[in-house]
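What follows is a single structure, written as structure tokens, with notes after it.
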Amino acid sequence: MKKQWTRPLAVIVAALFLDGSLGIIGPASGFLTFLIPPASAQEDNRYAAKPAGWDGPAGSCVVCHDLAKGASWRVAPNLWGIVGAPKASAKGYGYSLALIQAGGTWTTRDLDEYLANPNKFLPGTNKTISVADPEERARIIKFLGTLKN
């Protein structure tokens, strides 16, 4: 004999919205409650202080990279002095084998191709974020070129 449930099961529906918020719909009330507020509401609290370059052309880079001279790396290596630097040269960072074997230095042309389509430029790279707009890439690379002694 099959056991029948005597109490209704509570079901919670959670949704992650494109703006970075997370909400649940309560089974009894049917109301949406935000567990994580929308990104715009929490943006000021993401960092204790805005990282160097946050409001500049490389603002999208600082989510993973630090731009300050002498700073350690975050999720990805520091970009201070990257233009003209040897590829895969940050001490202690776990580069992909593809980037380690690439050799050479980061030229503006290499950076442009890498940012446009990382996996096409360097198959097997760990980088997944690309910058489709050539003008935006040019602004980013020009700014990165200023990060030197």
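The values are calculated or read from the model by the stated rules, or taken from the named source; none is laboratory data. None of these values were measured; they are calculated from a predicted model. As a convention, Cβ positions derive from the backbone with ideal geometry for all residues, glycine included, and neighbour counts pool all protein chains shown.
Considering only residues that are out of contact with any Phe, Trp or Tyr (no Cβ under 8 Å at 6 or more places or on another chain) and not aromatic (Phe, Trp, Tyr), which ones fall in region 55-85? If you could, list the steps in order and put the result at the bottom.
First pass over region 55-85, keeping only residues out of contact with any Phe, Trp or Tyr (no Cβ under 8 Å at 6 or more places or on another chain): 55, 59-61, 63-64, 72, 74-75, 78-81.
The answer is Asp55, Gly59, Ser60, Cys61, Val63, Cys64, Ser72, Arg74, Val75, Asn78, Leu79, Gly81.
Which pairs have Cβ atoms under 8 Å, sit 6 or more apart or on different chains, and link a residue in region 104-127 that is β-branched (Val, Ile, Thr) to one that is part of a loop (DSSP other than H, G, I, E, B)?
Thr105/Gly84; Thr105/Ala85; Thr105/Lys87; Thr107/Val83; Thr107/Gly84; Thr108/Val83; Thr125/Ser96
Tell me which residues, restricted to region 56-89, are in a loop (DSSP other than H, G, I, E, B) and farther than 21 Å from Ser130 by Cβ. Spell out how you get there, then give the answer.
Within region 56-89, the subset in a loop (DSSP other than H, G, I, E, B) is 56-60, 64-85, 87-89.
Within region 56-89, Ala68, Lys69, Gly70, Ala71, Ser72, Trp80, Gly81, Gly84, Ser89 qualify.
Inspect all residues belonging to region 90-107 and state whether any of them is modelled with pLDDT of 95 or more, surrounded by 11 or more Cβ atoms within 10 Å (Cβ to Cβ), in the same structural domain as Ala58 (by TED's automatic domain parsing) and part of a loop (DSSP other than H, G, I, E, B).
Yes, because at least one residue in region 90-107 is modelled with pLDDT of 95 or more, surrounded by 11 or more Cβ atoms within 10 Å (Cβ to Cβ), in the same structural domain as Ala58 (by TED's automatic domain parsing) and part of a loop (DSSP other than H, G, I, E, B).
Which residues, taken from region 64-120, are hydrophobic (A, V, I, L, M, F, W, C), under 16 Å from the mean Cα position of the chain (by Cα) and under 24 Å from Ala138 (Cβ atoms)?
If the condition is that a residue be hydrophobic (A, V, I, L, M, F, W, C), under 16 Å from the mean Cα position of the chain (by Cα) and under 24 Å from Ala138 (Cβ atoms), then Cys64, Leu67, Ala76, Leu79, Leu115, Ala116 are the ones that fit.
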